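Student: If you scroll down you'll find the structure; I have some questions about it.
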Amino acid sequence: MSTRAAWSGLGAGVDDDLSPAALLALARERKTTEDRAAADLLDVAARWADLHPPESIDGAASFTIGGGLGREHEEPIAGPGCPLVAEFCVAELGTVLRVSTPAAKKLIGHALELRHRLPRLWSQVHSGAVPAWRARTVAEATIHAAPALTREAAAWVDSQVAAVAGRIGQAQLDRLVAEAVKRFELADDVTDPAADPEDGHLHVDPRHATVDTDDVHFAGTVHVEAEIDIADALDLDRALAHSAATQKALGSALSLDARRAKALGDLARTQTALDLFEQGKVGAKDSDGLPIAREVVLHAHFVAGTHGQVTVLGPTGRLEEGQRLLLLDQLTSWCGDSRTRITIKPVIDLNRVLSAPGHAIPDRIREWVVLRDGTCVFPWCTRPARRCDIDHVNPYDHTADAEGRPQPGPSSTDNLAALCRFHHRLKTHSAWRYSMVEPGVFVWTSPHGHRFRRDHTGSAALDPSDPPGPPRIPQPRRP
C-alpha cells in the first residue's frame, strides 16, 4: 500500500506524500502544540476567574441552602488560600469550550489550585516540562484531600511532585497526600492507630465501593470497583463462589465469571429485601413467601410498530437513566426475573400541546416535558430531565390574570423546559437568556453574546469564529 493511499484520510493541511520519518516528526510537533494549548487553556481559565471575583457579582449575593432559586454567590472551587469566584461565570466559559458546567468548574479549579498552591508545578506546565493533564491530576488530589490541605501542606506536595517533573502515579500521589496530612498534623487525631504498614499512622481511609454508571458497555454492563476490609473481602468471595456453584448445579451454562457477577446482583437484591423485612417495613410478600425487595425504577423507551394485528417493539431503545442504549433482549431478560414488577405507562403523544391554568405544573405536563427534553436543556448539560425543575421559558406573570392581561408565560408545553437547579438559577438571576424556537429546540444567548442551540440531538455553537456581542467584560476588582 502506498503512503498516499494509506494516509489519504489525514486532515486538511497535512501533505499526503509525507515519508514515515516526516510523519513521526509531524506527530511530535502536533503533540507539542497540543500540550502548549492545554497549558495556555489553564492560564486562560485562571484569568477568567480573575475577571470574576466575588466583588463582580451584581447586587447582594445570597445562597439558599435548601436548594432554592437563590441569587449568584461566591464559590470556592479550589483549595484553601485560592481566590473565590463568582459562580455564574463558569457556565459561559464551559459553553464556549463546548463542555458541561461541572467540567468548566473543574478546569478553573485546577488552574487556580496550580497557580496559587502548586506554583512549582504551574511553572513546569508553562515551561513544557510537565503536561497539563499530569498537573491537573495532582491538583484534583490536593483540592479534594480529606482533611483539607493547608497552603503549607499543598506546597510540600508541590515540591515533591515538581522534583520528579510530575512523573508520579496515582498510588504514589495518594501516599504523598496522606504523608502531607500526617506531616502537618491535619487529622483530628494524629495518634490514631489506623495502621499504615510502615509507621502505623494512615489518615486516609482507602476503602470505597464505586459503581461507574457513566460508562456503560454495549452489552449493558457497568464497571464496579471496591477496596474493602480483608475479612469483608473473604466473606464476599465465599458468598460469590457459593452462589456461582449453586447456579451451575441448577443448570446455568454461564461462565464462572458471569455467574459470580450475577451472584453479586442477587446478593444485593436479597440483602435489601432482608433489611426491609427485619425493620418491619415490608407489609407485602411475593408469591414465594419472601419479602418484596426495595423497588428500583428504570424508564425504558422503545419504538413500537405493528405486524399484522401484533404490536412489535424495535430491537433497540433508550434507557432514560443515563441516556443509554438499551437492547430489547436485555429488557426481556430483566423482565424474566420472577421478582421484577413491570409497569407499562400509556403512550404520550409529544405532538400535542398540553396546558394548565396557573403557575403549578401538573404531573402529566411534567412527564410530557421530561420525555421531550431528556436532559436539562442548557447547552452541554447532561442532568436527567426527571431530576430537573420545569421552567417557564417566558416567565409566568402572577398578576396578569388579576389585572385582566394576557398571560405572557403560560404553563403550556410550548413554554416549558427542563432546567437543572443551577441553570435554572443562572437563567433567573443572570444575563443568560433563551427561547424555544421550535418544540424542543432552544437557542441560548450568553452575557457576552455567544449563541448556542440545543435540541434532541445535542448542543451546538451558532457563533462565527468572532461572534458579535457586547464587549462588556467585568474588570477585576480587589478588596
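Student: What is the dipole size for the stretch 90-169, taken about its Cα centre, with +1 at each Lys and Arg Cβ and -1 at each Asp and Glu Cβ, in debye to the nearest 20? Write out the running numbers ahead of the final one.
Tutor: On the way: 10 positive and 5 negative charges, 28 e Å.
Around 140 debye, computed over the stretch 90-169.
Student: Hey, what did the stretch 22-196 get for relative contact order, percent, Cα under 8 Å, at least 6 apart? If you can, show how the numbers build up before the last one.
Tutor: Numbers: 198 pairs, mean separation 33.4, N = 175.
So the answer I get is 19 percent.
Student: Here's another thing I want to ask about it. Taking the mean number of other Cβ atoms within 10 Å as a proxy for protection, how do you rank 402-414, 367-379, 348-360 from highest to lowest? Each step should come with its number before you reach the end.
Tutor: Numbers: 402-414: 13.6, 367-379: 22.2, 348-360: 11.8.
Result, highest mean Cβ count within 10 Å first: 367-379, 402-414, 348-360.
Student: Show me the ranking of peptides 111-117, 222-228, 145-151 by mean Cβ neighbours inside 10 Å, starting with the highest. Each step should come with its number before you reach the end.
Tutor: Numbers: 111-117: 26.0, 222-228: 12.0, 145-151: 16.6.
Ranked from most to least packed, the peptides come out as 111-117, 145-151, 222-228.
Student: In nanometres, what is the gap between the two model label sites at residue 246 and residue 171, each 7 Å from Cα along Cα-to-Cβ?
Tutor: About 3.5 nm, to one decimal.
Only the coordinates and a few stated rules stand behind these numbers; no lab work does. Since this is a predicted model, take the numbers as computed values, not measurements. Virtual Cβ from ideal backbone geometry, glycine too; neighbours counted across all protein chains shown.
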